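Written out below as structure tokens is the structure these notes cover.
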Amino acid sequence: MDAKIQQRVDQLRKEINHHNYRYHALDDPEISDAQFDELMRQLRELEEQHPHLVTPESPTQRVGAPPIQGFAQVKHRQPMLSLANAFNIDELTAWHRRVSNLLGVDAFDMVCELKIDGLAVSLTYEEGRLVQGATRGDGYRGEDVTHNLRTISSIPLALLGVAPGRLEVRGEVFMSKDAFAKLNREREANDEPLYANPRNTAAGSVRQLDPAMTASRNLEIYVYSVGDRDDGGQENGTAADTHWDALEKMRSLGFRISPHNRLCRAIEEVEDYYRRWLEGIHDLPFHADGVVVKINSFQYQEELGFVGREPRWAIAYKFPAEQAVTKLRDIGINVGRTGSLNPFAMLEPVVVGGATVKMATLHNEEDIHRKDIRIGDWVTVERAGEVIPKVVGPVLSRRTEKLPEFKMPSECPICSTEVVKTEDDAQHRCPNATCPAQFFELFKHFVSKGAMNIDGLGEKWCAILIEQGLVKDLADLYYLKREQLLELDRMGEKLVAKIMDNIEASKSRPLSRVLFALGVLHVGSENADLLASRFHGIDEIAQASQEQFTGIQGIGPKIAASIVAHFAVESNRNVIDKLQKAGVKLEREESEEGQSAEPLPLQGQTFCITGALSGMSRSRAQARIKSLGGAAASSVTRKTTYLVVGQNPGSKVATAERLGTEIIDENALLQILDVAAR
Ligand code: IVH
């Protein structure tokens, strides 16, 4: 039994050491932080159960990996520690209870800070001047990166206030999402490989040998603690009894302190803070992976002390991980409404951001090649906020065999028509307007709420009508007979009547809606409104030249070319003829002039959602609200009609109560949506 446990412990240590080296020394991790934390947790657990297996070399007994060669080493006067983690509310309350028992008090203040995902640095000032900047390294020794840190404009070179003697402060250096995106855009333009994420890029930028390079990277800092102090008995501007006061004093010395810090009196306020940021973190300009909770009183901090390298007086309450590494099994292709061939990743299932992910978007071929993603690779998958998961890139160091480059199919996977790819379009497209996959998407769009609004014809019936050969082009819908519909399995009299009525009613939709419904590439509802306000009818649009379109403010050459190309296709012109013959109104009514589509059912109503919904994602709910004319807001104001409360709601509930906003649950929302969609 013991031999087996020893084997497992050895294996875990080997894996952890490897990943530690990748992360700390090379800034190039192969697994996510959450996956690493899990390995550490397993090792810690085994060592706790079998203390005789603990050795001084075990990764649980030290912090980080040794610094890489190339920079002068710096010994930290006081070790730079790490933090214990809490992954759920139970672990947080257990920590609070432990602290409470150790201190023998029920209540104490805590400071909540965002745990920014960057790299920890130490800054030493002598007589108010920056003399040394260092990385954390293994916690005891770091690297001297003074020349690089001096280039970060939010790091003061000289302090604003009095600070005699020596003062060391610590903080997190990071790169904003915008700076990261801009850097990658520049690299893309120069055909250079793209960076995977802001954290590694920030770490790499601080370890540049050339400070000019660091300077170009737009790094930032938030300072979060005082390290070593030696003021020779004089007040050096940072003497304080509490962490909160120390932060304030550092701020007045010229350090950049996070504006998001909050002083909390009770654990419930810490929970509020966490929930507030769990919801709002994506609106911030930088990445944060949790909340750091620190006991405010320095006296209490001293009483609590440390366990190993972790202070008992602080804890990192982590957000669910948003990135994970998994295997790319295959690349599938979807054909969109405009014929675009959209590659998507088929993944070995993995939990990201609290949900199991099996598929993720891959944009287009160019993107796949630029990132060098190949079938069979280990890839990093990200699910940030509510957006559809995406593949960030491959973990190249884990590619052990030769894998072929990905190639888009040369034929449409659905109708086998030869695929078209032009220079100025990133997408490969199936040019066959009658391609079943393309047509299915187009048909769904045509009957949808914002287009011809033919209620009763859901996705399922659209597929059946196409399958049965009853609808081969959009206009066929207007030639359907009652009897044909009645013959379909599970189609009842009532539904047939409803569908026929709605088809009839749709014949008099405004011109802008018909234009939008046709699904012309690049003609969304806004462009459709523009066109409908300038032309009298579809015939006129079908005959207009490219110049006539580009003469309209808001219509560029790409859109103009696409409209001309659409009406040049014979089958598209036939559809227009058939629509006209069926009695569909294709001209603008004078009363329509200047007015756009008729109001949608939720027009004027604003919804705000807090907490997790159980039946659908928040983005799905917001999309449904918007498609019915409602607005989806991210905060509660006087204009909010409803606050929808899901699981673990945030502080918005209190705001809504204060403002008297109507608070509803998920079921009530579904009911509103169903009624509006009828
Ligand atoms: S305090 C003894 N505060 O998290 C406490 N750390 O594992 C030492 N971090 O190495 C850290 N934001 O890189 C603290 N507001 C914050 C932080 C923060 C990010 C990082 C830091 C540190 C790691 C702790």
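The values are calculated or read from the model by the stated rules, or taken from the named source; none is laboratory data. Bear in mind that the values here come from a model prediction, so they are computed numbers and not experimental data. Counting neighbours? That spans all protein chains shown, and the Cβs are built from the backbone with ideal geometry, glycine included.
Some values worked out for this structure:
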| quantity | calculated |
| --- | --- |
| Test: residue in segment 581-589 that is modelled with pLDDT under 90 and aliphatic (A, V, I, L, M) | no |
| Filtered residues of segment 142-157 (kept if of a type in the set (A, V, I, L, M, F, W, C) and either under 19 Å from ASP228 (Cβ atoms) or part of a helix (DSSP H, G or I) (or both)) | VAL145, LEU149, ILE155 |
| Pick from segment 67-111, criterion part of a strand (DSSP E or B) and within 15 Å of the ligand (Cβ to nearest atom), ranking: nearest to PRO259 (Cα to Cα) | VAL111 |
| Candidate set: segment 245-262, residues that are in contact (Cβ under 8 Å) with a residue 12 or more places away in the chain and more than 14 Å from the ligand (Cβ to nearest atom); chosen: the one nearest to the chain's Cα centre (by Cα) | GLY254 |
| Among residues of segment 278-297, those that are more than 18 Å from GLN323 (Cα to Cα) and within 13 Å of the ligand (Cβ to nearest atom), counted | 4 |
| Selection from segment 117-129 of residues that are touching a helix residue (DSSP H, G or I) at 6+ places or on another chain (Cβ under 9 Å) and within 12 Å of the ligand (Cβ to nearest atom) | ASP117, GLY118, LEU119, VAL121 |
| Residue match in segment 499-517 (condition: surrounded by fewer than 12 Cβ atoms within 10 Å (Cβ to Cβ), touching a helix residue (DSSP H, G or I) at 6+ places or on another chain (Cβ under 9 Å) and on the phi < 0 side of the Ramachandran plot) | no |
| Leading residue by the ranking (farthest from the ligand (Cβ to nearest atom)) among those in segment 130-148 that are farther than 16 Å from SER205 by Cβ and touching a Leu at 6+ places or on another chain (Cβ under 7 Å) | LEU130 |
| Residue that is surrounded by the most Cβ atoms within 10 Å (Cβ to Cβ) [pool: residues in segment 292-331 that are of a type in the set (Asp, Glu) and either at pLDDT below 95 or within 21 Å of TYR224 (Cα to Cα) (or both)] | GLU322 |
| The lone exception for LEU114 - which of (1) without any contact (Cβ under 8 Å) to a residue 60 or more places away in the chain; (2) within 16 Å of the ligand (Cβ to nearest atom) it fails | (1) |
| Enumeration of residues in segment 545-573 that are under 23 Å from HIS445 (Cβ atoms), in contact with a helix residue (DSSP H, G or I) (Cβ under 8 Å, 6 or more places away or on another chain) and small (Gly, Ala, Ser) | GLY554, GLY556, ALA560, ALA561 |
| Contacts under 8 angstrom Cβ, first residue in segment 182-203 being modelled with pLDDT of 90 or more, partner in a helix (DSSP H, G or I) and of a type in the set (Lys, Arg), 6 or more apart | PRO198/LYS177 |
| Top-ranked residue in segment 149-163 [being among the small types (Gly, Ala, Ser) and away from the ligand (no atom under 16 Å from the Cβ); ranked as nearest to LEU219 (Cα to Cα)] | SER153 |
| Residue under evaluation GLN438, criteria (1) out of contact with any strand residue (DSSP E or B) (no Cβ under 9 Å at 6 or more places or on another chain); (2) closer than 28 Å to GLY629 by Cα; (3) not basic (Lys, Arg), criterion not met | (1) |
| Qualifying residues in segment 162-219 (those that are β-branched (Val, Ile, Thr) and out of contact with any Ser or Thr (no Cβ under 9 Å at 6 or more places or on another chain)) - the one surrounded by the most Cβ atoms within 10 Å (Cβ to Cβ) | THR201 |
| Positions within segment 436-493 being assigned to a helix (DSSP H, G or I), without any contact (Cβ under 8 Å) to a residue 40 or more places away in the chain and either touching a His at 6+ places or on another chain (Cβ under 7 Å) or farther than 22 Å from GLY339 by Cβ (or both), in sequence order | LYS460, TRP461, ILE464, ARG482, GLU483, GLN484, LEU485, LEU486, GLU493 |
| Search result, residues across segment 208-224 that are under 30 Å from LYS249 (Cα atoms), away from the ligand (no atom under 16 Å from the Cβ) and not polar (S, T, N, Q) | PRO211, ALA215, ARG217 |
| When residues of segment 660-678 are limited to those that are in contact with a Leu (Cβ under 8 Å, 6 or more places away or on another chain) and under 18 Å from GLY458 (Cβ atoms), the one modelled with the lowest pLDDT | ALA677 |
| Single unsatisfied condition, ARG77 versus (1) more than 32 Å from the chain's Cα centre (by Cα); (2) at pLDDT below 90 | (2) |
